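A short reminder: the numbers here are calculations on the coordinates, not readings from a lab. In this text the structure is predicted, and so the values were computed from the model without any measurement. All Cβ positions, glycine included, derive from the backbone under ideal geometry; neighbour counts span all protein chains shown.
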Amino acid sequence: MSQARQPWYAHDAESDRTPRRVLVVAAHPDDIDFAAAGTVAGFTRAGARVAYCVVTSGGAGGFDETPRDQMAGLRETEQRAAAAAVGVDDVTFLGYPDGRLAVSLELRRDITREIRRHRPDVVITTSPLRNWQHIARSHPDHLATGEATLCAVYPDARNPFAHPGLLADEGLTEWTVPQVWLTAGPDVDHYVDITDTFDRKIAALRAHASQVGHIDGLEEQLRQGLSAQASAGGLPDGRLAEAFLVVDTR
C-alpha cells in the first residue's frame with residue numbers, strides 16, 4: 001500500500017476491509033485487464049463479489065484476419081475467459097458501437113441499471129479526464145465511459161426519480177455507491193500491490209489473443225510499467241502495482 005491518502009477500502013494482505021461487492025465498468029473487452037485485473041484478482045481472492053459491465057463488444061479491435069462480422073463475438077468470448085482467470089463469472093455487454101461512444105442519457109441509464117442491480121461498494125472505471133502523459137490511455141470511448149459512469153453513480157443511481165422505468169418496470173431501487181476508483185487518468189493517489197496476483201493478470205490478458213497475440217514481450221513490458229507505478233507509490237523494490245484515483249462520492 002502506498003503512503004498516499006488511505007481509501008475507504010484498503011487492499012493489502014493485512015486488511016480486512018475488502019469491499020463485499022465491486023462493479024467494473026469499461027469501454028472495451030481487455031480494458032479491465034490492462035488496468036485492474038491484478039486488483040480484481042485480489043478482491044475475489046479475499047471473498048468479494050465482482051461483476052463486469054463492458055459497454056461495447058470491441059468490434060473495431062483486432063490485429064489478425066478474423067472477419068469483421070465475427071470480431072465482436074470473439075472478443076466477448078475472450079473477455080469472459082479473462083474474467084474467469086481472475087475469479088469473475090458475471091460479465092454484461094451493453095452492445096454499444098465500438099469507437100462511437102458518447103455520453104448519452106441511454107448510456108447513463110444502462111450503467112445505472114447495472115449499479116442498481118449489483119449494488120456495489122466500489123465502482124472501478126476509467127477516468128473521464130485526458131491523460132497527456134499517456135495519450136493512448138485516453139481513447140475517446142474510455143473518456144465517454146468514465147463520464148457516463150460517474151453520472152450514473154452521481155446523481156442517477158441514488159436518485160429514485162432518475163430513469164423512472166428502472167424502478168417502475170424493473171423494480172430496481174436507488175443505490176448510493178460510496179466510492180469510485182478511476183484508472184488511466186492524470187491524477188493518482190492509491191497504489192494496489194498486485195505482485196502476488198500478477199500471474200493471474202497475465203493469464204487474463206493472454207485470453208485476449210485477438211488483441212495481444214502480436215505483442216512480443218508483453219509480460220516484460222507490463223512488469224516495467226507496474227514496477228514504475230509501485231515505485232511511484234512508495235512500495236519496496238521488486239513490487240508491482242496498479243494505480244487509481246480514489247473518489248469518495250458520499
- Please check the chain for the longest run free of chymotrypsin sites (Phe, Trp or Tyr not before Pro) that are loop-located per DSSP (anything but H, G, I, E, B) and have at most 10 other Cβ atoms within 10 Å. 1-131
- Positive-end extreme of charge dipole, the chain - chosen from GLN229, LEU101, THR176 (charges on Cβ): THR176
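Give the relative contact order (percent, whole number) for the chain; include only Cα pairs under 8 Å separated by 6+ residues. Working shown, then result.
Numbers: 505 pairs, mean separation 64.5, N = 250.
After rounding, I find 26 percent.
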- Note on the structure: With +1 at each Lys and Arg Cβ and -1 at each Asp and Glu Cβ, the charge dipole magnitude of segment 51-181 around its Cα centre, to the nearest 20 debye, comes out at 380 debye
- Message: How far apart, in nanometres, would the label points at GLU170 and HIS214 be if each is projected 7 angstrom from Cα along the Cα-to-Cβ direction?
- Response: 3.6 nm
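Fewest Cβ neighbours within 10 Å first, please rank VAL40, VAL91 accordingly. Please list the in-between numbers first.
Details: VAL40 30, VAL91 19.
Fewest-to-most Cβ neighbours within 10 Å comes out as VAL91, VAL40.
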- Report the antiparallel proportion of the DSSP beta bridges in the chain as a percent, rounded to a multiple of 5. 30 percent
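Counting Lys and Arg as +1 and Asp and Glu as -1, each charge on the Cβ, what is the dipole of the chain about the Cα centre in debye, to the nearest 20? Could you put the intermediate results ahead of the total?
Numbers: 25 positive and 35 negative charges, 122 e Å.
So the magnitude is around 580 debye.
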- How large is the dipole of segment 111-156 about the Cα centre if only Lys and Arg carry +1 and Asp and Glu carry -1, each at its Cβ, rounded to the nearest 20 debye? 80 debye
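Would you please classify the overall shape of segment 94-180 from the alpha carbon gyration tensor, given that a ≥ b ≥ c denote the square roots of the eigenvalues, rounded means a/c under 1.5, and beyond that prolate means a/b larger than b/c while oblate covers the rest?
Values: a/c = 2.71, a/b = 1.74, b/c = 1.56.
The shape class here is prolate.
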